[in-house]
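Down below is the structure, laid out as structure tokens.
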Amino acid sequence: MQQNSTAKQAMADSHSKRPSQGIPDVIFKWILILPATIAVIALLIFPFMFTLAASFTDWHLFNLNAPINFIGFKMWASVLTSSYIHTTTWNTIFFVGLALPLEFLLGMTVALALNAATFGRTFFRVFFLMPLMFNPIAVVFLIGKLMLQEDIGPINDVLMGLGFPRIMWLSDPFMAKITIVLVDVWQHTAFMILMFLAGLQSLPQEPFEAAVVDGATAVQRFRFISLPLLGPVALTAVLIRGLDAFKVVDIIYSLTGGGPGQATESVTLTVFRTGVKGGDIAFGSAASYLLLILMAVFTALVLFATRKWVRVSY
Amino acid sequence: MSARVSRRDFLRWSGSAFGVAMLAACQQPVAPVESGSAPPSRPFEGQTVSAAGMPWMWENTKPLYEEFLEETGMELNVATFQQQEITDKLMQAVATNTYFADLLAIPNNAAADIWGNDLALPVPEDLLNDPEMAWDDVLPVYREKVLAWNGVIYGMPHDGDTHHMMFLHSLMDDPDNQANFSGEYGYDLNPDRGPQTWQEHRDYAEFFTGWDWSGDGDPNYGFAHMMKRGDTAFWGFASRCTAYGKHPDDPGYFFDVETGAPRINSPAFVRGLTEWKDEMQFGPPGMISMGWGDVIEASQALRVAMNVGWDGVAMHREGSLAAGKSSYSVLPGSYEVYNAGSGQWENRSEINFAPSLAFGGWEISIAKGAENEDAAWALAKHFTNKEMGNTFAFQGFKNPIRISDIADIEPWIEIAGFTERSATTYLRALNETMTHPNLVLNLRMPGWTQYRDALELAVSKALAGEASPENSLNEAAEAWSAITDRLGGPEKQRDNYRTHLGLD
């Protein structure tokens, strides 16, 4: 008992605010979190607010020596009424709307197969994850420039050998949209596989054993056990991959440059073209906030749609 | 005496130590005292010049400047970027007035932004009078216009770029082709100069499309042009329209020199785009996705009979099937030219040629505020003096910019690997282009990246069938006007355009 009291006293002493013996705890805590706070303010909050502020000006980098004027929501109005932005917004939604479900379904399918595989398991796991290890530019060169070359590429060669017409993978506006999706699916399905495989392997075995005893088929086990239990993993995968897909730029920039016409240009590419390359900081900032709003809407929709199916707390 | 260190003391001491270290780091380094000064033969001993450029400028050319560095004692710190990257970085540095490097390789389009805003140093008088530089040997269009802004020379004469037409004379020489072509089109193939008008170019392209003239078992095509948006479509399209849109009596091409209004939706450009789109049937499938690199590959592989582009040397590189078969000519012209002043097409008795100084080359310039200015100018001189300039050109590290670069075919045969016929036509095409009175200069305007993007978008939309040539170019003209407004208005940009053309 005496020892206990001594220990408590020692602890109390160590928490005391006696400047002569050291720094008060409350200040010391602030000192410790100061670097992180500065980093967050400098690298996150400041750029965020700076971009927002820039979107209310007429700032153009290449209009040197010209004053920067506050113009209220004028630039936002320009962005929202711009047919150029409308097209790139629809392109982005089309891309996410097609690529994400495809990657989800393919990822889930392959993950289930890999989870059940008994032969060559390790090899196939590594094999299916390989696209994720490639640089996107290398993927574009490999698939876009070599495989899908419209005149002498091997895929058209095979298709035409089989009697199909030549497919204009990159030159036809609609096919170019599809090609961008296919290239993205080729590369990023591996992410879904990774997530689902990890999820499947962490599921408890008891429900499955009970279901087998009850005579449930494989489809029923998937539908009523695996799928609900994978909910949190699926939600996480969709959000991460979906938000990433909204920002797609590398594949498009190197494969089609946004063309033909404006067929494949994404909002991020527009922001890059106008704000970074073109120097139109105000327009680019407002457009980047449009993208942010789109992504927030997407996140809200996904969370709303899965609120009963996936029980997670935030 | 307590051995404990309080947290405050710890922070105080560590902070003090950090402060002392920072102060020490901020001190100017003290040069070690040596018994004697650097020998005169190494005048830049201990000085480091930072340079920015593309990899091809610095990596393969090392043997051409290593000895210079050794002799002068100069250290060189090179930052290489790909073409688009260096342009972006340069422009951002310009816009934010940020130091980028001592020696800059400037894409000609960016000259208005960099030189026009006084962000680079004028070439010093002693270099302008330096016999080794031989400025009289620099082609006048470069010396007087391209390397200068507002009458002041800022660029050292490094790289000269023009668009010219390449055609396979081997095809035009063939008696069967000659007979068949004459029978079909009512005039003869021209093996010496190729098609002379865009109408003839269409005929040639049509004739050489859809059959295996290369003997590789696959059908071949008439031509390949750079059409890819975000790549080189801006220059491809600009060069396609010069014969229609550049009137010999009117200095303006992209803009009206009196009002600053864009001309890119004039009937001349609409006609050029309409024809370009129609002619795509005579090019490889997917030509809308072909950039300059793709055009070179298709030409080297004998998939196409003609192209328009920059690099005659490429056809003669190892592995090129077009080596010894290619000839060159100025861009095709037209008997009809649009007069923007009268708003009418004019029929002319002679062909209106309007060659294009597309891209205009990479100019070497020294940044204002360069840390080692003298050393940077010395390096610039080493790269661009007459003797070294010739060597660079003949070895294919840059395109000709000097009279002596294109005066003699021998080095092109011996060093660059041309045949006599290829070299003769190549140098003739370059000479006729760069000395032509109706030459269209590469566009140098503040904000040119946005102008370029807007025009490439319109061209690409029309070529992809997403809009008619007229509508898409009208959209582009509206976009150009909006860009002009964002950059200070039509009067300001008109003045810049006039300065670019050397009118004021």
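The values are calculated or read from the model by the stated rules, or taken from the named source; none is laboratory data. These numbers were taken from a predicted model, which means no experiment stands behind them. So basically every Cβ, Gly included, is an ideal-geometry build from the backbone, and we count neighbours across all protein chains shown.
The single condition among (1) surrounded by 24 or more Cβ atoms within 10 Å (Cβ to Cβ); (2) assigned by TED's automatic domain parsing to the domain that holds residue B:309; (3) not small (Gly, Ala, Ser) that residue B:107 does not meet is (2). Output the residues belonging to region B:114-152 that are in contact with a Phe, Trp or Tyr (Cβ under 9 Å, 6 or more places away or on another chain) and β-branched (Val, Ile, Thr). Listed by number, the residues that qualify are B:114, B:123, B:152. When every residue of region B:70-92 is checked against the conditions, at least one turns out to be surrounded by 23 or more Cβ atoms within 10 Å (Cβ to Cβ), β-branched (Val, Ile, Thr) and part of a helix (DSSP H, G or I). Annotation note: of A:226, A:171, the sole residue that is touching a helix residue (DSSP H, G or I) at 6+ places or on another chain (Cβ under 9 Å) and over 28 Å from residue A:257 (Cβ atoms) is A:226.
Quick check: is even one residue across region B:368-377 outside the structural domain of residue B:239 (by TED's automatic domain parsing), of a type in the set (S, T, N, Q) and modelled with pLDDT under 95?
yes
Screening residue B:404 with (1) of a type in the set (Ser, Thr, Tyr); (2) farther than 23 Å from residue B:254 by Cβ; (3) buried (at least 24 other Cβ atoms within 10 Å of the Cβ) gives one miss only, at (3).
Quick check on this structure: which one of B:231, B:212 is within 14 Å of another protein chain (Cβ to nearest Cβ), without any contact (Cβ under 8 Å) to a residue 12 or more places away in the chain and of a type in the set (D, E, K, R)?
B:212
Taking residue B:282 as the residue in question, decide whether it is surrounded by 21 or more Cβ atoms within 10 Å (Cβ to Cβ) and closer than 15 Å to residue B:223 by Cα. Here the answer is yes, as residue B:282 does meet what is asked.
Taking the criterion of being more than 8 Å from chain A (Cβ to nearest Cβ) and free of Cβ contacts under 8 Å to residues at least 12 places away in the same chain, the residues of region B:458-475 that qualify are B:468, B:471. Checked against (1) touching a Ser or Thr at 6+ places or on another chain (Cβ under 7 Å); (2) closer than 30 Å to residue B:486 by Cα; (3) surrounded by 12 or more Cβ atoms within 10 Å (Cβ to Cβ), residue A:22 meets all criteria but (2). Looking at residue B:74, is it assigned by TED's automatic domain parsing to the domain that holds residue B:366 and more than 14 Å from residue B:380 (Cβ to Cβ)? In short, no.
Residue count for region A:142-187 satisfying the condition of being among the hydrophobic types (A, V, I, L, M, F, W, C), more than 8 Å from every other protein chain (Cβ to nearest Cβ), assigned to a loop (DSSP other than H, G, I, E, B) and surrounded by fewer than 18 Cβ atoms within 10 Å (Cβ to Cβ): 2. Here residue A:286 meets the list (1) more than 19 Å from the chain's Cα centre (by Cα); (2) assigned to a loop (DSSP other than H, G, I, E, B) almost entirely, failing just condition (2).
Quick one: is residue B:177 part of a helix (DSSP H, G or I) and either under 25 Å from residue B:404 (Cβ atoms) or not assigned by TED's automatic domain parsing to the domain that holds residue B:371 (or both)? It is true that residue B:177 is part of a helix (DSSP H, G or I) and either under 25 Å from residue B:404 (Cβ atoms) or not assigned by TED's automatic domain parsing to the domain that holds residue B:371 (or both).
Going through (1) in a helix (DSSP H, G or I); (2) among the charged types (D, E, K, R); (3) within 14 Å of chain B (Cβ to nearest Cβ) one by one, residue A:125 falls short only on (3). Checked against (1) within 30 Å of residue A:292 (Cβ to Cβ); (2) not in a helix (DSSP H, G or I), residue A:108 passes all but condition (2).
Are any residues in region A:261-275 touching a Gly at 6+ places or on another chain (Cβ under 7 Å) and assigned to a helix (DSSP H, G or I), and if so, which ones?
A:269, A:271, A:274, A:275
Among the residues making up region A:265-302, those that are within 10 Å of chain B (Cβ to nearest Cβ) and within 16 Å of residue A:96 (Cα to Cα) are A:265, A:269. For region B:285-337, taking the residues that are crowded, with 24+ Cβ neighbours inside 10 Å and within 12 Å of another protein chain (Cβ to nearest Cβ), the one that is nearest to residue B:173 (Cα to Cα) is identified as B:304. Of the residues making up region B:442-457, those that are of a type in the set (A, V, I, L, M) and either under 14 Å from residue B:476 (Cβ atoms) or within 9 Å of chain A (Cβ to nearest Cβ) (or both) are B:443, B:454, B:455, B:457.
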